[in-house]
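Colleague: Below is the structure I would like to discuss, written out as structure tokens.
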Amino acid sequence: MVTSKNLLGIKELTTEEIYHVLETASGFKDVLQRDIKKVPPLRGKTVVNLFFEPSTRTRISFELAAKRLSADVINFSTITSSVIKGETLKDTALTIKALGADFVVIRHSSAGVPHFLSRILNISVINAGDGANEHPTQALLDLFTILSHKKKIKGLTVAIIGDITHSRVARSNIYALTKLGAHVRLICPPTLRPAEVRHLGIEVFNTIEEGLKKADVIMTLRLQLERQSKGYFPSLEEYFYLYGLTTARLQLARDNAIVMHPGPMNRGVEIESEVADGPQSVILEQVTNGLAVRMAVLYLLAGVKK
Ligand code: CP
């Protein structure tokens, strides 16, 4: 049972709440197989996508999820809004609420912005990625995808490779996977490993060869190229040489290991194209599952007493 009207992070969710979202998403996945994919639960409700950072998957997925549930959807873009004229985040959010929004889906470069909005608005706030903090719906769709292949999470070995320090996807997945009993391994350069990992009950590997051994799930992360100039590693070529997921390295994992990536991918940097497009890749399934998971989140939050 989901008890909060907001989804701010995986950290705040119980194991039962996570499974409740995933079971609800499974029902919506069935709905999405039908000829008529639209259902009425959010008729008369308005969802505003408030994105202060670029997005392809998350924004489109939330828009489509809301439309499939019969809600009205407004997409807010910073470039065409009064933010350009100096309007504050708080005034923008209060304006959206005054226009009658029922949900705000927020992506922002600063950690904590969804939590701030949840304190000043009494409508549902959904975190679509806040700085390097959390990206809860990405972790939920990742769990859904893993479950659809492995039928369980408990006891699985999940190797997460890449820029852990700056990754909200990694953070949400670490919280989710450890709550559900997976063995989580991080594979990253020491410069991209946050100090907090010592307290999260996970294993850390500096070499990809060690970390991939007998993994059930391999999760590659986007290397944040915008940070490349800051000297976290010498070059993209060296990063790929040391941490890129190649066909040869994939052999070290279990034969039936699945390969995931939240997108957007940097081919030839985090992952070889042959692996990204290969038979073990579930990257496009993650995108497809995101729609059912986001429908479940909107549906469940709509049912919580405001
Ligand atoms: N995975 C993810 O958040 O992708 P977008 O940035 O395209 O939304």
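Colleague: Kindly evaluate residue 80 against the criterion of being out of contact with any His (no Cβ under 7 Å at 6 or more places or on another chain), open to solvent by 40 Å² or more (accessible area, probe 1.4 Å), of a type outside the set (Asp, Glu) and at pLDDT 95 or above.
Modeller: So residue 80 does not fit the description; no.
Colleague: Being among the polar types (S, T, N, Q) and in a helix (DSSP H, G or I) is the filter here, so list the residues in the stretch 150-174 that pass it.
Modeller: 172, 173
Colleague: Would the stretch 128-142 turn up any residue that is open to solvent by 10 Å² or more (accessible area, probe 1.4 Å), of a type in the set (Gly, Ala, Ser) and part of a helix (DSSP H, G or I)?
Modeller: Scanning the stretch 128-142, I find no residue that is open to solvent by 10 Å² or more (accessible area, probe 1.4 Å), of a type in the set (Gly, Ala, Ser) and part of a helix (DSSP H, G or I), so the answer is no.
Colleague: For residue 52, work out the one condition from (1) within 15 Å of the ligand (Cβ to nearest atom); (2) under 17 Å from residue 299 (Cα atoms); (3) of a type outside the set (Val, Ile, Thr) it doesn't fulfil.
Modeller: Residue 52 satisfies all of (1) within 15 Å of the ligand (Cβ to nearest atom); (2) under 17 Å from residue 299 (Cα atoms); (3) of a type outside the set (Val, Ile, Thr) except (2).
Colleague: If you don't mind, another one. For residues that are more than 14 Å from residue 260 (Cα to Cα) and open to solvent by 10 Å² or more (accessible area, probe 1.4 Å), tally how many sit in the stretch 157-166.
Modeller: Count: 2.
Colleague: Let me ask something additional. Which condition does residue 111 not pass, out of (1) open to solvent by less than 10 Å² (accessible area, probe 1.4 Å); (2) at pLDDT 95 or above; (3) outside any helix (DSSP H, G or I); (4) in contact with a strand residue (DSSP E or B) (Cβ under 8 Å, 6 or more places away or on another chain), if it passes all the others?
Modeller: Residue 111 satisfies all of (1) open to solvent by less than 10 Å² (accessible area, probe 1.4 Å); (2) at pLDDT 95 or above; (3) outside any helix (DSSP H, G or I); (4) in contact with a strand residue (DSSP E or B) (Cβ under 8 Å, 6 or more places away or on another chain) except (1).
Colleague: Looking only at the stretch 192-207, which residues are outside any loop (DSSP other than H, G, I, E, B), under 17 Å from residue 220 (Cα atoms) and open to solvent by less than 70 Å² (accessible area, probe 1.4 Å)?
Modeller: Residues satisfying the conditions are 192, 204, 205.
Colleague: Would you mind finding the one in 177, 147 that is away from the ligand (no atom under 16 Å from the Cβ), closer than 19 Å to residue 254 by Cα, open to solvent by less than 10 Å² (accessible area, probe 1.4 Å) and not in a strand (DSSP E or B)?
Modeller: Being away from the ligand (no atom under 16 Å from the Cβ), closer than 19 Å to residue 254 by Cα, open to solvent by less than 10 Å² (accessible area, probe 1.4 Å) and not in a strand (DSSP E or B) holds for just one of 177, 147, which is 177.
Colleague: Check every one of the helices (runs of 4 or more DSSP H) wholly within the stretch 219-282 and list those with 1 or more residues that are among the aromatic types (Phe, Trp, Tyr) and open to solvent by less than 20 Å² (accessible area, probe 1.4 Å). Reasoning before the result, please.
Modeller: Values: elements: 236-243, 247-250, 273-276.
Answer list for the stretch 219-282: 236-243.
Colleague: For residue 211, work out the one condition from (1) in a helix (DSSP H, G or I); (2) open to solvent by 40 Å² or more (accessible area, probe 1.4 Å); (3) within 28 Å of residue 57 (Cβ to Cβ) it doesn't fulfil.
Modeller: Condition (2) is where residue 211 drops out.
Colleague: With respect to residue 75, is the statement that it is within 16 Å of the ligand (Cβ to nearest atom), assigned to a strand (DSSP E or B), touching a residue at least 24 places away in the same chain (Cβ under 8 Å) and open to solvent by 60 Å² or more (accessible area, probe 1.4 Å) true?
Modeller: yes
The values are calculated or read from the model by the stated rules, or taken from the named source; none is laboratory data. Values in this document were obtained by computation on a predicted structure and should not be read as measured data. Cβ atoms come from the backbone with ideal geometry, glycine included; neighbour counts cover every protein chain shown. Side chains included, ligands, DNA and RNA excluded: accessible areas come from the protein's heavy atoms. Shrake-Rupley method; radii C 1.70, N 1.55, O 1.52, S 1.80 Å.
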